[in-house]
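*Asks:* Here it is, the structure, as structure tokens.
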Amino acid sequence: MLAIAGGKGGSGKTTTTLGLAAAFDGPTLVVDADCDMPNLHALAGVDRTPTLAAVDDETEPACVAHDHPDESHVSVLPAPTRSDAEATATTRDDEMRRVLGRLQCERGGVRTLVDCPAGASVDAVAPLRVADGVLVVSPLCAAALRDAAKTAAMARTLGTPVVGAVLTRTRLRPPGVADLLDCPVVASIPEVRPPVLEDRVVRTAYARLASTLTAEEDLL
């Protein structure tokens, strides 16, 4: 299970989650763990319900995940609504960890990518605790990179390795970024006009990223 994380909203986490999933060969599950700003289902073009919360109803995850309309090997689990979750932060953390942990156990042979909430809240921490590795996503600007560095440090504190960084809306890979984030920059995704994931250059960039990560199969 690979967490796609970053310090700021709008950094390109959701686009990277879907772009990377589409680039992999074989069945891939993408999960939205962001209850406050859920947009994975919208970008994927699937219904909002049933959500990730349905996995906790003793239902086989394969039965509740949506099929991506354009990528037959990609399944989508939208984020739980706030009405699906308990009010306290501690309970939300426990619920998310349990559901993601169950997915991790039951989806043998299926790559799982988790689109994480931004920042350092309890909701953002929960998927990082469960994941086997973290891919940090950030645009190439100082404020976003500083927040991405905090996300990377938070993952390491939880004992989850940071496998690399993806820079969005740029073709550059400045050497200082790897030093700041303390991990290699494994991809740069150029800025293009929407729809971003239909652009040939962007799809090629995610295909190269998928190839780079394939060597780390234990993280996926």
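*Asks:* Please find, in a Gaussian network model of the chain (springs between Cα atoms separated by less than 10 Å), the residue of 190, 38, 127 whose mean-square fluctuation is greatest.
*Replies:* 190
*Asks:* Taking a probe of 1.4 Å, how large is the accessible area per residue of the chain, in Å²?
*Replies:* Averaged over the residues of the chain, the accessible area is 44 Å².
*Asks:* What is the chain's relative contact order, in percent, from Cα pairs under 8 angstrom and six or more apart in sequence?
*Replies:* Relative contact order, the chain: 27 percent.
*Asks:* Oh, and also: Rg to Rh ratio, segment 140-220, alpha-carbon atoms and Kirkwood radius?
*Replies:* We get a ratio of 0.99 for segment 140-220.
*Asks:* Within the chain, what whole-number % of the accessible surface is contributed by carbon and sulfur, with the 1.4 Å probe and all protein chains included in the calculation?
*Replies:* Result for the chain: 50 percent of the exposed heavy-atom area is carbon or sulfur.
The values are calculated or read from the model by the stated rules, or taken from the named source; none is laboratory data. Because the structure is predicted, anything quoted here is derived from the model rather than measured. Each accessible area value is taken on the protein alone, full model and side chains, heavy atoms only, with ligands, DNA and RNA left out. Shrake-Rupley method; radii C 1.70, N 1.55, O 1.52, S 1.80 Å.
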